[in-house]
Amino acid sequence: MRLVTFRDDGLDGVGALIGDHVVHLTRAYLAYLHSLRIPAPQALAEAQLPSSMLAFLAAGERAMVAAQKAIEYVQTQFSEGYEPRGPRGEALVSPVAEVRLLAPIPRPGKLLCIGLNYRDHAEEVGMKIPERPILFSKFSSCVVGPGDPVLLPSISTQVDYEAELAVVIGKEAKGVPEEDALDFVAGYTIMNDVSARDLQLRLGGGQWVWGKSADTFAPLGPAIVTRDEVPDPHNLDISLRLNGEVMQHSNTRNLIFNVPQLISFLSQAMTLEPGDVIATGTPPGVGDSRKPPVYLKDGDKIQVEVEGIGILENPVMAG
């Protein structure tokens, strides 16, 4: 499944992408229960398939099963030549162009980031391979969705891009061994770890959280692709285009610490919870390492693409 958070007529909900349509999952599941003549279907639908992504992920397997039933119900109506409608005539699907896709997790509980985690990026910046993951965090208030602008703060002149594969935790994880770690993954998405290099590295002695948590500095999305649809997260092409020009290109096989290692490492110290996001690091080609450096400017367009996951596109605007 390709799970999204979307806004339609001022209401936010959890959906699933099917082609160029979004399935309204809670609404479609209610219609499915109604077709089975289940008593009190509204209460059951809301309990089984919550309308916020954090609650959906926290519901675990029962929500995933309900979502699959909702999708199958809609697909059956499509195959029979009907426009999918609920018992009161409400639409069960909407064209993607007619809704607004938000960040799939608009406010993750924890946004954990790994620095210097691609071998080719470590070589680019002239640093030795780390012996253990380098951890930092971004405040969840900097998360925005696909199509939302990245705003350049007035206090920085060196705002940079970073393409990253992001891991979404699906169930509580504490002290997880590496061999079991993927069982705790709900799916994968894309993040752009936007960074003000002057704030992060140079001004004030280096302030990573300050330089990386400015408003809009964590574009996320467009969808969470569930783990069953990503056979190997360590063999995915990853790239970033700035105004159509490829600036970063690598493959997740170049990760120094892979997804199970990261989950195990993090969970030894902290409890990972459903909806927590782990950004796994960026490949070479960041603007700050180029000669001359390339920093984001008003009017730029950034596209981050991860094979099998999708394309995350955001414009850049002066703040």
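The values are calculated or read from the model by the stated rules, or taken from the named source; none is laboratory data. All figures in this text were calculated on a predicted structure; none of them were measured in a lab. Cβ coordinates were reconstructed from backbone atoms using ideal geometry, including for glycine residues, and neighbour counts include every protein chain displayed.
Observations, loosely collected:
- Selection from segment 34-45 of residues that are surrounded by fewer than 24 Cβ atoms within 10 Å (Cβ to Cβ) and touching a Leu at 6+ places or on another chain (Cβ under 8 Å): Ile38, Pro41, Gln42, Leu44
- Close Cβ contacts (under 8 Å, 6 or more residues apart or on different chains) running from residues in segment 179-195 that are closer than 16 Å to Pro104 by Cβ to residues that are assigned to a helix (DSSP H, G or I) and not β-branched (Val, Ile, Thr) comprise Val185/Arg227; Ala186/Leu57; Ala186/Arg227; Gly187/Arg227; Gly187/Glu229; Tyr188/Arg227.
- Cβ separations smaller than 7 Å between residues 6+ apart or across chains give the following pairs from segment 297-308 residues that are assigned by TED's automatic domain parsing to the domain that holds Glu162 to residues that are part of a loop (DSSP other than H, G, I, E, B) and exposed (fewer than 14 other Cβ atoms within 10 Å of the Cβ): Asp300/Asn243; Lys301/Asn243.
- Pairs, first assigned to a loop (DSSP other than H, G, I, E, B) in segment 28-42, second of a type outside the set (Gly, Ala, Ser) and exposed (fewer than 14 other Cβ atoms within 10 Å of the Cβ), C-beta under 7 Å, six or more apart: none
- Among the conditions (1) at pLDDT 95 or above; (2) touching a helix residue (DSSP H, G or I) at 6+ places or on another chain (Cβ under 9 Å); (3) more than 30 Å from Arg253 (Cβ to Cβ); (4) buried (at least 16 other Cβ atoms within 10 Å of the Cβ), the only one that Arg107 does not satisfy is (4).
- The residue of segment 137-160 that is surrounded by the fewest Cβ atoms within 10 Å (Cβ to Cβ), among those that are under 21 Å from Gly206 (Cβ atoms) and either at pLDDT below 95 or of a type in the set (Ser, Thr, Tyr) (or both), is Ser154.
- Leading residue by the ranking (modelled with the highest pLDDT) among those in segment 54-101 that are crowded, with 18+ Cβ neighbours inside 10 Å and in a strand (DSSP E or B): Leu101
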